[in-house]
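Just so it is clear, none of the values below were taken in a lab; they were calculated from the coordinates. Please read all numbers here as calculations on a predicted model, not as lab measurements. Backbone-built Cβ (ideal geometry, glycine too); neighbour counts: all protein chains shown.
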Amino acid sequence: MKIDLDKLNLKTFNIMKTKKMRERFSGSNNPMSKDNPDSESRRKSVSEKLKDRPSKLKGRTYEEIHGEEKAKEINDNKSQLFKERFIINEFQNLLDYFKIDLVDEKFEGSHFKHTWKCKECSHEFFQIWNAIQQGFRCPTCHPRFMGDSQSERELREFVKSLGIDIIENDRKIISPKELDIIIPSHNLAIEHNGTFFHSEIYKPKYYHLNKTKACEKIGIRLLHYFEDEWIQKKDLIKNMLTYTLNLSNSPRINARDCIIKTIDQNVSDEFLDTYHIQGKTIGDRIKLGAFHNNKLVSLMTFRSNNKIGLESEWMLNRFCSDYNFIIPGVASKLLSHFKNNYSWDKIITYAERRLSDGDLYKKLGFSFIKYTDVNFWYTNGGLIREDRRFVIHKMKKEEIKNGITQDQFMAAKGYFKIYGCGNLRFELLK
């Protein structure tokens, strides 16, 4: 078993949990303990040395005193010394404490889902090291601590209920990374991303994107759903999946039987919150609805570019349909109505890479331009993900005037970032 020092999360280790370390530093063995006969003289000596010594930090950070490069060197040296003295020697003791063994040949880090073997029942299971220390151990011997969330189990059971064969928790397809659900018959994979354990606290910036790229290289389309999306928009995701898998039984409506009308903001907001996974939007000037028998069944919104000289450039910002119907051709009809009734030279749009391959926009005549950098939201680790574009509207003028950043504003409220996979940018020229 190889252990990469740099991948260990030191904050999660409680050294005093192990018998060896308790014996080494408890009672008279502790040089500063009252049970040690030499402790009194040692404490007095330390107090005298520190009494007249001015504080070097005085509320300042290492970066402020030494500069970023020197501060990083100091912190790295301290961290490395701690790792070398304790972690390597004690890791096996910690495994003994939790009554598990590491099955994998190499320890990849505290946030990596390893294969573990329970010493009590010999059951093998997948789990990250941080979760094990929080009690999420062998699901057989500790059934109250399950290795996945309720929402992840619900998603998996729904896919199974569709009557298709799946592979669960596979770590071979894009080894060593794990895929939650694989549907071989459709070259499709699905990831359930918890808002806490998939945030920047546990996952690096490009974690989700790198998984997507690894799947694309071998011809697999990977869909990412966040935990809050499944809980709050379960019916929408179920219908998205059944449509993607060509298993939808919804009645069909012909686009030629629909009438296009402009709709107001309130109607748009309600429809988008119900049928679009990203929900309502702010600032779209044109909202076109497709009606069938006086019922709104599809919606497309557009936002103009307010920069001087770019007034004829628009963004197709939202498109969605009532998932109770299949309406082939309705996106084309809505777009054609816009093109024929409004002044435009260029239309841009984006497809979120974790959910879409942009095939719809290619069929509508758009040209693929580029992949954007990863996008992100703010999360409190629960069921809330705040769109970064909406945060500025919540900040007070005084906060903006004082130079407070969005990150600082959200951090003060207990929020941190969770990253996506970026977008695909498309353009349509007149």
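Structural remarks
- Phi-based couplings in Hz for the stretch 248-257 (Karplus 6.51, -1.76, 1.60; Gly and Pro marked x): 6, 10, 5, x, 9, 10, 7, 4, 5, 8
- Local electrostatic count, residue 132, Cβ distance below 11 Å [Lys/Arg +1, Asp/Glu -1]: +3
- Pairwise label distance in nanometres, residue 168 with residue 429, each label 7 Å out on the Cα-Cβ vector: 5.2
- Spacing of the two label points (7 Å from each Cα toward its C-beta) at residue 120 and residue 407, in nm: 4.2
- Residue-wise HN-Hα couplings along the stretch 280-293, as the Karplus relation 6.51 cos²θ - 1.76 cosθ + 1.60 with θ = phi - 60° gives them from phi, are 5, 10, 10, x, 7, 6, 10, 10, 9, x, 9, 10, 10, 6 Hz; Gly and Pro carry x.
- Label zone at residue 249, where the point sits 7 Å out along the Cα-to-Cβ direction: the stretch 147-167 residues whose backbone N lies under 14 Å: 161-163
- The phi torsions of the stretch 337-350, fed into the Karplus equation with coefficients 6.51, -1.76 and 1.60 and a -60° offset, translate into couplings of 4, 5, 4, 8, 10, 9, 7, 7, 10, 8, 10, 10, 7, 10 Hz, rounded to whole numbers, with Gly and Pro shown as x.
- Here's how it looks for residue 170: its modeled amide H is under 5 Å from those of 179, which are all 5 or more places away or on a different chain.
- Counting charges near residue 426 (Lys, Arg +1; Asp, Glu -1) among other residues having Cβ under 10 Å from its Cβ returns a value of +2.
- Flagged links, alpha-carbon separation over 20 Å, of 295/333; 113/211; 203/417; 113/172; 339/362; 177/238: 177/238
- Spin-label model distance (nm) - residue 70 vs residue 368, 7 Å beyond Cα toward Cβ: 5.0
- On the basis of the beta-carbon distance and an R0 of 35 Å, residue 217 and residue 360 show a calculated FRET efficiency of 0.90.
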